[in-house]
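Some notes on the structure that comes next.
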Amino acid sequence: MIITNFKTYQSATAENAINLASIHQDVAKETGADIRISVQAVDISRVCENVNIPVLAQHIDPVNFGSATGHILPEAVKAIGAEGTILNHSENRLEREVLKKSIERAKEVGLYVVVCAETPEEGASFLEFDPDYIAVEPPELIGGDISVSTSQPEIIENAAKLIGSEKLLVGAGVKNGEDVRICIKLGAKGVLLASGVTKAEDPKAVLMDLAGGLV
Ligand code: G3P
């Protein structure tokens, strides 16, 4: 599985989000790879109307219908077409109790959950909340050119031991098919990445290469 997190990159916002989502759809169709995208809450609706690949929210809040101005309501995210959500990304960390409640709310409305963790140990500590996936990303490598797979492969092996391969995603600096291949070989089910695609001159070529690493 490959999940591209569109974050708030300009190349992946509003109209650009739809274009980039279509490219992901093309590559998913051409390769048969399990490719998903995580877009800004404000873009979920239009992206889901335009492409038919799994879309995740980048975050939800543990709120209910009613008085929660400015929050992201899980029911709304589900209703406009998202299938899952990321929670606790390094760029949007949550208190443990808030994370627990957010996972519960996501499950209540039928959204699957990718919980991010900064270390394998932290990821393992989230198993008690029973998220669908746990994405381990060393924060210092996020957005950089050095990938977790080549610089810290022991993190992936350790995470696979502590978390188990079925739930494990890894990310940070993942840029090409070889990175993906190493992640899978060391025990991950997939990768979570962003800048390798969102900053690419030719995102389709990068995605084709990334998808090649899954097999
Ligand atoms: O959510 C994915 C992410 O934090 C990794 O970012 O740019 O290192 O692939 P990047």
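Could you list all residues from segment 126-139 that are touching a residue at least 24 places away in the same chain (Cβ under 8 Å), more than 8 Å from the ligand (Cβ to nearest atom) and not hydroxyl-bearing (Ser, Thr, Tyr)? Working first, answer last.
Within segment 126-139, the subset touching a residue at least 24 places away in the same chain (Cβ under 8 Å) is 126-127, 129-139.
Going one step further and asking which of them are more than 8 Å from the ligand (Cβ to nearest atom), we end up with 126-127, 129-134, 136, 138-139.
Hits for segment 126-139 are PHE126, LEU127, PHE129, ASP130, PRO131, ASP132, ILE134, VAL136, PRO138, PRO139.
Do any residues in segment 10-25 that are in contact (Cβ under 8 Å) with a residue 12 or more places away in the chain and under 12 Å from ARG36 (Cα atoms) have Cβ atoms under 6 Å from those of residues that are open to solvent by 10 Å² or more (accessible area, probe 1.4 Å) and assigned to a helix (DSSP H, G or I), where the two are at least six apart or on different chains, and which pairs are they?
Note: pairs meeting the criteria are ILE23/PRO203; ILE23/LYS204.
Restricting to segment 24-60, give me the number of residues that are in a helix (DSSP H, G or I) and either within 12 Å of ALA211 (Cβ to Cβ) or touching a Cys at 6+ places or on another chain (Cβ under 9 Å) (or both). Even if it seems obvious, please write down each step before you answer.
Narrowing segment 24-60 to residues in a helix (DSSP H, G or I): 24-31, 41-50.
Okay, now just the ones that are also either within 12 Å of ALA211 (Cβ to Cβ) or touching a Cys at 6+ places or on another chain (Cβ under 9 Å) (or both), so 24, 26-31.
Adding up the residues that qualify gives 7.
Among ASP61, ASP43, which is the only one that is farther than 30 Å from GLY187 by Cβ, touching a His at 6+ places or on another chain (Cβ under 6 Å) and either of a type in the set (Asp, Glu) or at pLDDT 95 or above (or both)?
Working: ASP43 fails: touching a His at 6+ places or on another chain (Cβ under 6 Å).
The unique qualifying residue is ASP61.
Between a residue in segment 73-87 that is within 16 Å of the ligand (Cβ to nearest atom) and open to solvent by less than 30 Å² (accessible area, probe 1.4 Å) and any residue that is in a loop (DSSP other than H, G, I, E, B) and not polar (S, T, N, Q), which pairs come within a Cβ distance under 6 Å, given they are 6 or more apart or on different chains?
Final answer for the pair search is GLY84/LEU111; THR85/ILE60; THR85/LEU111.
Any idea which residue in segment 1-22 is nearest to ASP202 (Cα to Cα), counting only those that are surrounded by 22 or more Cβ atoms within 10 Å (Cβ to Cβ) and more than 13 Å from the ligand (Cβ to nearest atom)? Show your work before the answer.
Within segment 1-22, the subset surrounded by 22 or more Cβ atoms within 10 Å (Cβ to Cβ) is 2-6, 12, 17, 20-21.
Those left that are additionally more than 13 Å from the ligand (Cβ to nearest atom): 17, 20-21.
Numbers: ALA17: 15, LEU20: 11, ALA21: 14 Å.
That would be LEU20.
The values are calculated or read from the model by the stated rules, or taken from the named source; none is laboratory data. The structure presented is a predicted model; accordingly, all values stated were derived computationally and were not measured. For neighbour counting, all protein chains shown are included, and Cβ atoms are generated from backbone atoms with ideal geometry for every residue, glycine included. Side chains are part of the model used for accessible areas, which takes the heavy atoms of the whole protein and leaves out ligands, DNA and RNA. Shrake-Rupley method; radii C 1.70, N 1.55, O 1.52, S 1.80 Å.
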